[in-house]
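Below you'll find the structure, written out as structure tokens, and then a few comments.
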Amino acid sequence: MVRLSGMKRRFFIGAAALVGFGGVVLAEEEAEQIKVLILDGPQGAHKYQETTPVMKEILEKLPIFKVAHSRSSKEACADGTYKPDFQSYDVIVMNEGYGAPEWPETTKKAFEKYMAEGGGMVTYHAANNCWPNWVEYNKMTGVGGWGGRNEKSGPYLYINDKGEVVRDESKGRGGSHGPQHEFDVVVRKKEHPVMKGLPETFKHGPDELYDKLRGPAENIEILASAYSSKEKKGTGRHEPVLMAISYGKGRIFHTVIGHHVKQMKEGSFVTTFQRGTEWAATGKVTIPVPKDFPNQKFE
Ligand code: ZN
């Protein structure tokens, strides 16, 4: 038997697959998964107790992910004992939301350091609603809504009919959405690792389509947008749906879709969430786009 030392496997591919051509054995001890930590906690409008297990399941469908979970509480935030061990993970997935308790100051600083030094983060749906006054968090999410966000939070970010990214400083509230409906997601950065290989346009929903998001909007790319029509009580603008943000050496994938379990189980959400999480963790994407995307079944 020949051992392939120095060949790094990102994940354990199963005993049967370890013996390859000519009886070559890939070194099992070098197997390495992407370590994911999902964070959630009390919040106003979303059922995090139901969405976190689905999020975990979506990621664990793929053997490259190893997923852990930590839940905050008002008490642990108030007495300073809420201290997730960010450094032990490749990517932190935020299933936080509107009205989430403020983290202890030392925990905020630890997270800022983790991200600035090259950590990964995924901000999912309502995670852009929380903590309007935590300046560095808002730089990480890029744009957000609700919680009193307004022109002081930063510009509105959207795409106009010419396809130009607009940073609009006009006054007004941040964050809104009309009734749930089906919409087309339009890829704007087809060479970005998360988007590469996806159809140029694909269906999603019925789901909430966030609009009027605003924030620092620094170091941000709109990977995909959706047209927010006035007849669905939207803005008449192409609103950001998937985004990539850099914060120091850290990478952030921002998805605004997936209001609840039903929307999360759509192929459009599953694949972009899996690929976005891998990219935030490693800067690369190896997860293929399913042949029947976005109609693949998630059971
Ligand atoms: Zn929602």
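Laid out as a table, the results:
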| item | result |
| --- | --- |
| Region 256-299, subset of a type in the set (Lys, Arg) and not in a helix (DSSP H, G or I), residue nearest to Ser176 (Cα to Cα) | Lys265 |
| Of the criteria (1) open to solvent by 10 Å² or more (accessible area, probe 1.4 Å); (2) within 16 Å of the ligand (Cβ to nearest atom); (3) among the hydrophobic types (A, V, I, L, M, F, W, C), which one Ile287 fails | (2) |
| Failed criterion for Val135 (all others in (1) more than 18 Å from Pro216 (Cβ to Cβ); (2) open to solvent by 40 Å² or more (accessible area, probe 1.4 Å) hold) | (1) |
| Matching entry among Glu75, Glu57 (being within 30 Å of Gln180 (Cβ to Cβ) and part of a helix (DSSP H, G or I)) | Glu57 |
| In region 254-269, residue farthest from the ligand (Cβ to nearest atom) [restricted to those that are of a type in the set (A, V, I, L, M, F, W, C) and open to solvent by less than 10 Å² (accessible area, probe 1.4 Å)] | Phe269 |
| Residues located in region 86-103, provided they are away from the ligand (no atom under 16 Å from the Cβ), part of a loop (DSSP other than H, G, I, E, B) and under 18 Å from the mean Cα position of the chain (by Cα) | Tyr89, Asp90 |
| In region 254-299, the residues that are small (Gly, Ala, Ser) and within 15 Å of the chain's Cα centre (by Cα) | Gly258, Ser268, Gly276, Ala280, Ala281, Gly283 |
| Selection count where residues are open to solvent by less than 10 Å² (accessible area, probe 1.4 Å) and outside any helix (DSSP H, G or I), scope region 104-123 | 5 |
| Matching residues in region 116-136 - criterion: being more than 16 Å from the ligand (Cβ to nearest atom) and either of a type in the set (Gly, Ala, Ser) or over 14 Å from the mean Cα position of the chain (by Cα) (or both) | Ala116, Glu117, Gly118, Gly119, Gly120, Trp131, Pro132, Asn133, Trp134, Val135, Glu136 |
| Candidates Lys262, Lys284, Lys233 - the one that is of a type outside the set (S, T, N, Q) and without any contact (Cβ under 8 Å) to a residue 40 or more places away in the chain | Lys262 |
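The values are calculated or read from the model by the stated rules, or taken from the named source; none is laboratory data. Because the structure is a prediction, the values reported are computed rather than measured. A quick note on method: Cβ atoms are made from the backbone with ideal geometry, for glycine too, and the neighbour counts reach across all protein chains shown. The area values use the complete protein model at the heavy-atom level, side chains included, leaving out ligands, DNA and RNA. Shrake-Rupley method; radii C 1.70, N 1.55, O 1.52, S 1.80 Å.
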